[in-house]
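Student: A single structure is presented below for examination.
The values are calculated or read from the model by the stated rules, or taken from the named source; none is laboratory data. Values in this document were obtained by computation on a predicted structure and should not be read as measured data. Positions of Cβ are generated from backbone atoms using ideal geometry, with glycine treated the same way; all protein chains shown enter the neighbour counts. Surface accessibility is based on the protein's heavy atoms, side chains included, excluding ligands, DNA and RNA. Shrake-Rupley method; radii C 1.70, N 1.55, O 1.52, S 1.80 Å.
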Amino acid sequence: MQLVSRRDPHLREVVWFAACCRALTLLLQARCLPDFGPLFFFQALFNLLIPDHAADAFHPPRLSEPGLWDLLLERLLGGLSRWDAEHFLFIAERGYLYEHNCAFFPLYPLSVRAVAEGALWPLQRLLRLRSRLLLSAVLLNSLFSVLAAAALYKLGCVVLQCRRVAFLAAVLFSVSPANVFMAAAYSESMFAFLAFSAMWQLEKGQSWLSGLLFSLASGVRANGLINAGFFLYSRGKCFALQLQVGSGSVRKLPPLWKQLLSVASSAVLMCAGIFLPFALFQYYAYVRFCGPGTGLEQAVPKPLLQLALDKGYRLAAMDGVKPPWCSQRFPVVYSYIQDAYWNVGFLRYFELRQIPNFLLALPVTLLGSWAAWTYIIANPRHCVTLGLERRKSEEEGKPRAGFCCPAVFVYVVHATVLLAFGFFCMHVQVLTRFLGSSSPVLYWFSAHLLQEYEPLLRSEGTDNQTAAPRSEESLLGKSPGSCGKGTSENPIVRLLLNRRFITPLGKCLLGFFLSYWLLGLILHCNFLPWT
């Protein structure tokens with residue numbers, strides 16, 4: 001996949017801006033910087049006024065004494081190893097030792113370990129393994145977050161048929177409200193890159209490459225399984241549109257049973273590939289925790305055994321007693337952990353004491369709901385028919401461009417499903433990063449609002465609003481009908497430099513993105529509940 005093109009200044013700007021934002025995030029979270037004026041003042045003030053919170057989170061003991069370079073790296077990057085990052089780093093170092101570690105899928109920690117043992121192998125005399133794992137995670141996430149921004153831009157060009165909106169959406173992704181989780185040792189950056197790349201390839205018609213990327217994504221996060229819906233919808237839509245081809249069509253279609261067989265076989269194969277990593281991981285957990293005792297306790301260091309006793313963590317084959325999920329008809333460890341360890345379930349988080357967390361999730365909830373409502377109002381018939389009806393604009397080759405174009409329908413459905421599930425069934429404070437790393441809709445809709453209602457941006461390319469043919473080449477700048485080319489100037493920088501002229505809506509949107517970026521750094525890096 002060629003993500004970066006020399007011919008496209010917009011893509012170069014996306015990559016450059018994403019890299020700068022990642023560097024700024026790393027700079028802001030570091031705890032031993034020289035004096036950078038106001039930056040250092042605010043950083044020191046936050047660390048003084050908001051000390052590390054004594055959270056009852058997973059925090060395994062360090063078994064080896066840190067050296068001088070380990071201490072320095074911890075001061076520089078330690079803020080990125082909080083909360084769930086501890087699980088990923090521990091899995092990369094020790095494997096799935098505790099039962100609740102199995103809530104975190106293996107592809108990301110495997111990648112972190114591979115880089116630590118490969119590219120960072122020359123540093124083994126200076127840094128202990130955990131320090132190299134942390135450095136590996138930061139480097140990987142910096143790369144994946146930049147590539148995810150590039151993939152989102154390419155996806156937006158193909159789907160939205162409007163390069164200006166795609167460019168603005170990719171820039172907004174770089175200042176995502178979930179920015180700190182894109183930098184920390186979490187799997188969000190890797191998942192976003194794989195998911196957006198898979199969507200892009202599917203839109204280009206590269207079904208098998210798309211299926212491979214979707215499959216890898218499901219090995220990173222459990223919600224990757226929902227991405228099977230993109231492939232099912234794509235195949236179902238193609239089949240439905242073929243059935244609506246008029247009898248006078250020049251191209252002769254194969255018999256109906258052959259079409260059905262082709263659609264069904266490709267759907268089964270692709271969905272099987274997407275679900276395979278999840279199934280293999282559940283089988284691995286079953287063999288590890290439900291199989292016969294292997295004497296594993298003898299190989300576990302005493303401090304880790306003591307941690308299991310103190311916290312009630314279950315070790316593999318501990319005392320020969322199998323976990324209760326092993327005897328279930330479908331022994332799925334992931335759902336058991338979500339239920340038993342974190343009390344995840346329908347309406348379980350609806351408690352008075354969780355009101356602050358619901359307030360944290362309110363902006364992204366409102367934005368996602370507004371996006372779905374806007375699309376439904378703009379395309380009522382398209383939504384009722386699920387986009388399976390052949391329209392005149394499609395037959396004439398002039399599809400509508402922008403956020404409200406027909407091609408966005410499946411992405412709006414995907415985002416709405418994630419939003420509803422996250423709000424009613426999950427710990428709601430994770431909703432921002434959950435949606436921010438899984439769906440392009442938040443960025444597309446925010447870009448749509450800014451492009452429509454900000455005079456500073458609306459002046460770009462308004463002389464040409466005709467949609468281009470749906471091919472990637474026409475969206476890279478050579479076609480005059482590309483929904484207004486605009487300029488390669490960064491729209492976020494342009495708005496911030498002209499703050500006095502921004503509308504209240506624009507201030508709210510930019511305030512949400514930028515304030516949650518900073519708030520996430522403050523809370524996450526000081527070990528406060530913001531996971």
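Student: Residues in segment 340-355 that are open to solvent by less than 80 Å² (accessible area, probe 1.4 Å) and either of a type in the set (A, V, I, L, M, F, W, C) or in a helix (DSSP H, G or I) (or both): how many?
Tutor: Of the residues in that region, 5 qualify.
Student: What is the one condition in (1) closer than 30 Å to Ala447 by Cβ; (2) without any contact (Cβ under 8 Å) to a residue 12 or more places away in the chain; (3) among the charged types (D, E, K, R) that Arg125 does not satisfy?
Tutor: Checking Arg125 against (1) closer than 30 Å to Ala447 by Cβ; (2) without any contact (Cβ under 8 Å) to a residue 12 or more places away in the chain; (3) among the charged types (D, E, K, R), the one that fails is (1).
Student: Still on this structure, I have one more. Go through Gln161, Gln206 for me and flag whichever is surrounded by fewer than 24 Cβ atoms within 10 Å (Cβ to Cβ) and not basic (Lys, Arg).
Tutor: Values: Gln161 fails: surrounded by fewer than 24 Cβ atoms within 10 Å (Cβ to Cβ).
Among Gln161, Gln206, only Gln206 is surrounded by fewer than 24 Cβ atoms within 10 Å (Cβ to Cβ) and not basic (Lys, Arg).
Student: Quick check on segment 301-325: of everything there that is part of a loop (DSSP other than H, G, I, E, B) and either open to solvent by 50 Å² or more (accessible area, probe 1.4 Å) or in contact with a strand residue (DSSP E or B) (Cβ under 6 Å, 6 or more places away or on another chain) (or both), which residue is modelled with the lowest pLDDT? Steps first, answer last, please.
Tutor: Initially, segment 301-325 is screened for residues part of a loop (DSSP other than H, G, I, E, B), giving 301, 312-314, 316-317, 321-323.
Within this subset, residues satisfying the condition of being either open to solvent by 50 Å² or more (accessible area, probe 1.4 Å) or in contact with a strand residue (DSSP E or B) (Cβ under 6 Å, 6 or more places away or on another chain) (or both) are 312-314, 321-322.
Details: Gly312: 87, Tyr313: 90, Arg314: 89, Val321: 78, Lys322: 85.
Only one residue tops the list, namely Val321.
Student: Separate question: Out of Val171, Val220, which single residue is open to solvent by less than 10 Å² (accessible area, probe 1.4 Å) and not in a helix (DSSP H, G or I)?
Tutor: Values: Val171 fails: not in a helix (DSSP H, G or I).
Matching residue, one of Val171, Val220: Val220.
Student: Would you mention how many residues in segment 247-300 are exposed (fewer than 12 other Cβ atoms within 10 Å of the Cβ), of a type in the set (Lys, Arg) and modelled with pLDDT of 75 or more?
Tutor: So the answer is 1.
Student: Looking only at residues that are closer than 15 Å to Val138 by Cβ and not in a helix (DSSP H, G or I) in segment 74-123, which one is most open to solvent (accessible area, probe 1.4 Å)?
Tutor: Applying the filter and picking the extreme gives Ala119.
Student: Test Phe58 against the criterion of being at pLDDT 55 or above, open to solvent by less than 50 Å² (accessible area, probe 1.4 Å) and touching an Asp or Glu at 6+ places or on another chain (Cβ under 8 Å), and give yes or no. Explain how you work it out, then say what you get.
Tutor: Working: at pLDDT 55 or above: yes; open to solvent by less than 50 Å² (accessible area, probe 1.4 Å): yes; touching an Asp or Glu at 6+ places or on another chain (Cβ under 8 Å): yes.
Judged against the criteria, Phe58 is a match.
Student: Restricting attention to segment 200-236, report how many residues are closer than 20 Å to Gln282 by Cα and basic (Lys, Arg).
Tutor: Counting residues in segment 200-236 that are closer than 20 Å to Gln282 by Cα and basic (Lys, Arg) gives 1.
Student: Name the pairs: first residue in segment 192-215 and assigned to a helix (DSSP H, G or I), second residue β-branched (Val, Ile, Thr) and open to solvent by less than 30 Å² (accessible area, probe 1.4 Å), Cβ to Cβ under 7 Å, at least 6 apart or on different chains?
Tutor: Qualifying pairs under 7 Å: Leu194/Val220; Trp200/Val158; Glu203/Val158; Glu203/Val159; Gly211/Ile274; Phe214/Ile274; Ser215/Ile274.
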